[in-house]
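The values are calculated or read from the model by the stated rules, or taken from the named source; none is laboratory data. Since we're looking at a predicted model, the values are computed, not measured. Every residue, glycine among them, receives a Cβ derived from its backbone with ideal geometry; neighbour counts consider all protein chains shown.
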Amino acid sequence: MKTQLWTPGMGPDRILEAPVALRSKKGMVLADLLELGILPGIAGGSEPLQGFHTAADIVTQTTDGRDLNIIWTEFMQLLNVVNSERQALLRFLTFQVSNPQELVAQQGQGVDFEEASEFGEPVASRVQPTYFNMGYTFKWYDLASRYTWQYLADATAAMVDSVANAAVEAFYRLQLFEVLKTVFNNNNLTTTINQNSVPVYKFYNADGTVPPPYKNNTFLGTHNHYRTTGAGTLVAGDLDEMIADFESHGYSQANGYRQVLMVHTTQGSVIRGFRSVANGGTGTYDFIPAQGQPGVILNTNQQFFGQGQIANTLAGLNVIGTYGPLIIVQDDWLPTTHIFGFCTGGSESLGNPVGFREHANAQLRGLRLVKGKQANYPLIDSFWAVGFGTGIRHRGAGMVMEVTADPSYDIPSVYA
């Protein structure tokens, strides 16, 4: 439907001589604004109906000479870069899924040989992994960018670019917030898929689910990966507990997983002082600072095993050191009162604990810039749009600890 407006007529003898002059009514002419070269809503003069800006008046470049359509093209190029790269933390923590639900195999028992007999045949082996039917939430989010022609007349290209950069930063922040909310909130959810209610799980949370056995390790339906330290201060034994639990489920270096511990600066300072019993501390391991991190004086018998000091970055993550197999990442997105450990198979690995769901239609994935009502000048009115959801894929591959003497786990207020 065309955008039209009743405008003052020119009298019975002077009907507007243009194809947009449709008919006269009480001295008014119904005009198609676009064919007149006028953007609806952009009017000149201090009073209504005192005049309209024509196509020649429409701002097509910024005050420093940049064509707005070129800026639009650059915005689209920016989106291509944004959608091809994911934040380092999300790549190691999540695996991208497009289905609203999936059957995810969990770590479990393999197959066994049996002693051969002279005439008998062995029993046929069959791998029987344990599967969970995992659901994922999904929501749409959007953000509007609107410009008046007067703003664009005075704005520089950098000012217009800053709006796009702010939208991209908000996009990354939203993704990270929703993933961390999934991690720290221990309450299972439900989502509706094809009119059916499907569970959206968190890490093991004593909901009655019995984790699959691994080797000689068996578990109960009360198994819980949302714990407290039982004291007001983090100690090395808390990290030992986390390492032992991960390995009891099979999430170990031997099986191709790296164990990552994320902490706020407050807890990172505490962990830097952890020492093994052999070096006068209480832990199983010593904290070993990463390359380039402030050093410490260790016992002269202390040796670095394996590859020695770890690099101070893990694909952009701020690594401060290691404690045994745990790679310690310090990031102030973490609450000061909680620490979060997870096991990763690598960047966007199937073994990563969190599922990051995007739309099944590939054209609707990632951050999109949608043109506003006026396609000829989309920068006047445009919308940033994204849709995604989350859910835990591997319930034993993550653990959250609250540093408190209270035995009951509390969700951090920021992620409640």
Worksheet item: Which of the residues spanning the range 245-255 are within 28 Å of the chain's Cα centre (by Cα) and either buried (at least 16 other Cβ atoms within 10 Å of the Cβ) or without any contact (Cβ under 8 Å) to a residue 40 or more places away in the chain (or both)?
Response: Asp245, Phe246, Glu247, His249, Gly250, Tyr251, Ser252
Practice prompt. Kindly check whether there is at least one residue in the range 209-218 that is within 19 Å of Val329 (Cβ to Cβ) and not acidic (Asp, Glu).
Written response: no
Worksheet entry | The one condition in (1) closer than 16 Å to Ile243 by Cα; (2) in a loop (DSSP other than H, G, I, E, B); (3) of a type in the set (A, V, I, L, M, F, W, C) that Phe340 fails to fulfil | (2)
Worksheet item: Which of the residues belonging to the range 88-128 are loosely packed, with under 10 Cβ neighbours inside 10 Å, modelled with pLDDT of 75 or more and either aromatic (Phe, Trp, Tyr) or under 34 Å from the mean Cα position of the chain (by Cα) (or both)?
Response: Phe113
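Yes or no, residue by residue, for (1) of a type outside the set (Asp, Glu); (2) farther than 30 Å from Asp161 by Cα; (3) modelled with pLDDT under 90:
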{"site": "Gln374", "(1), (2), (3)": "yes, no, yes"}
{"site": "Ala385", "(1), (2), (3)": "yes, no, no"}
{"site": "Gly396", "(1), (2), (3)": "yes, yes, no"}
{"site": "Met399", "(1), (2), (3)": "yes, yes, no"}
{"site": "Ala405", "(1), (2), (3)": "yes, yes, no"}
{"site": "Pro412", "(1), (2), (3)": "yes, yes, no"}
Practice prompt. Would you be able to say whether some residue in the range 164-175 is surrounded by fewer than 17 Cβ atoms within 10 Å (Cβ to Cβ) and in contact with a strand residue (DSSP E or B) (Cβ under 8 Å, 6 or more places away or on another chain)?
Written response: yes
Item to complete: Return the only residue of Thr192, Thr182 being modelled with pLDDT under 90 and either of a type in the set (Ser, Thr, Tyr) or touching a Lys or Arg at 6+ places or on another chain (Cβ under 6 Å) (or both).
Response: Thr192
Response to the item:
Restricting the range 132-172 to residues that are in a loop (DSSP other than H, G, I, E, B) and at pLDDT 85 or above, the one farthest from Ser382 (Cα to Cα) turns out to be Tyr136
Response to the item:
From the option list Arg258, Arg272, single residue qualifying as in contact with a Cys (Cβ under 8 Å, 6 or more places away or on another chain) and in contact (Cβ under 8 Å) with a residue 24 or more places away in the chain is Arg258
Worksheet item: Pick from Leu379, Leu326, Leu334, Leu367: which is at pLDDT 95 or above, surrounded by 16 or more Cβ atoms within 10 Å (Cβ to Cβ) and either assigned by TED's automatic domain parsing to the domain that holds Ala254 or under 23 Å from Asn165 (Cα atoms) (or both)?
Response: Leu326
Practice prompt. For Thr209, state whether it is surrounded by 15 or more Cβ atoms within 10 Å (Cβ to Cβ), modelled with pLDDT under 95 and not charged (D, E, K, R).
Written response: yes
